[in-house]
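**Q** One structure is given below, represented as structure tokens, and several questions about it will come after.
Rule-based calculations on the coordinates, nothing more; no lab input. Everything numeric in this text was worked out from a predicted model, so none of it was measured. We place every Cβ from the backbone using ideal geometry, glycine too, and count neighbours over all the protein chains shown.
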Amino acid sequence: MTSRTITADAAGSRQLGDLSVRRIGFGAMRLTGSAAFHHGVPSDRGRSIAVLRRAVELGVNHIDTAAFYFSSLRSANELINSALSPYADDLVIATKVGPFRDHAGEWGRSARPEELRGQVEENLRQLGRDHLDLVYLRRMRQDSVAEHFGALAELRAAGLVRHLGLSDVEPRHLAEARAIAPVVSVQNRYALDFHEPATDELLRLCGEQGIAFVPFFAIAGDGGARGAAGAHGEEVLAVARAHGASPAQVRLAWTLRQGPHVLAIPGTGDPDHLVENVAAGALHLTDEEVRRLDALRRKSG
């Protein structure tokens, strides 16, 4: 499929609370280097800034980031600030708090509830903003999210945060959080070749409750944070050939077909891949193709 003139408008829009975003967004994790937030080669700064500006030119108005998205010499938040500030009025920047990562890049314990304000303020400082549009609590294996989510709800009441979300959770955590404050979105791992029944249930619950569902690693699948491994099943390749599309575009189109409340945030540091990802919003799979891909996914579980 042609992708040169297709913008994010092709995918339609969805509400995040009172904020309208296009269903194809952009994930900033891979901007920082070849191994994302692991120990990789630093990205080319100029190229990363160009990718961000091109994303906005293509109509993307939902960017997903975090202060812990950094590699040697590169910080996703700093790149976003440099590329896009002063920010457009309709640009929604979502970030995450919860994990601790030291300056050497090593992961540590989960933040305590009283430490979340410091993490929110760090994101504010790096992004150059006086409030954050959306903050996800990234669960770090804790059984209950109530105390942490309650701390974020206090920051929302104080005006530092506009909307709250949850990441890497189970259905019971969503119920627990909603008893404390509104949840506008849930961000979990979800992909054509990654099947987890609890996340399928979350997808359904979010649709019923008017909550956006934002999959991460939708293209990477089993590759996860390492990135797409480059292997695609014959079913995916066959659908791609039928549409003159790439396998990545098929994966994104399938993701968007999972419900009108589903948003995609594919990430890349490559300008050509960015254009390709945005164009996936115009790829319309047939019902039969979706059924075939659904069957493929069930086999992966």
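**Q** Over all distinct Cα pairs, what is the inverse of the mean 1/r for segment 153-212, reported as the Kirkwood hydrodynamic radius in Å?
**A** The Cα-based Kirkwood calculation yields 12.2 Å.
**Q** Moving on. Using the Karplus curve 6.51 cos²θ - 1.76 cosθ + 1.60 with θ = phi - 60°, what ³J(HN,Hα) values do you get for each residue of segment 169-181, in whole Hz, with x for Gly and Pro?
**A** Result, ordered by residue: 10, 10, x, 5, 5, 4, 4, 4, 5, 5, 6, 9, 7 Hz.
**Q** Then there is this: About the Cα centre, and with charges only on the beta carbon of Lys, Arg (+1) and Asp, Glu (-1), how big is the dipole of the chain? Nearest 20 debye, please.
**A** So the dipole magnitude of the chain works out to roughly 260 debye.
**Q** Something else now. What's the extension gain from Asp143 to Asp200 if we count 0.36 nm per residue and subtract their Cα-Cα distance?
**A** 18.6 nm
**Q** Per 10 Å bin, what is the whole-percent P(r) computed from every C-alpha pair distance within segment 51-145?
**A** 15, 47, 29, 9, 0
**Q** Here's another thing I want to ask about it. If I histogram all Cα-Cα distances within the chain using bins 10 Å wide from 0, what percent of pairs lands in each bin?
**A** Answer for the chain: a P(r) of 6, 29, 38, 22, 4, 0 percent.
**Q** Calculated from DSSP H runs of 4 or more alone, at -39500 (n - 2.57) each and per residue, what is the 222 nm mean residue ellipticity of the chain, nearest 500?
**A** -11000 deg cm²/dmol
**Q** Right, something else. How long is the gain from Ala157 to Arg101 if the chain were fully straight, where each residue apart is worth 0.36 nm and the alpha carbon distance is subtracted?
**A** Length difference between fully extended and current span is 17.5 nm.
**Q** Count charges around Asp90 for me, please; just the other residues with Cβ under 11 Å from its Cβ, Lys/Arg as +1, Asp/Glu as -1.
**A** Neighbour charge sum, excluding Asp90 itself: -1.
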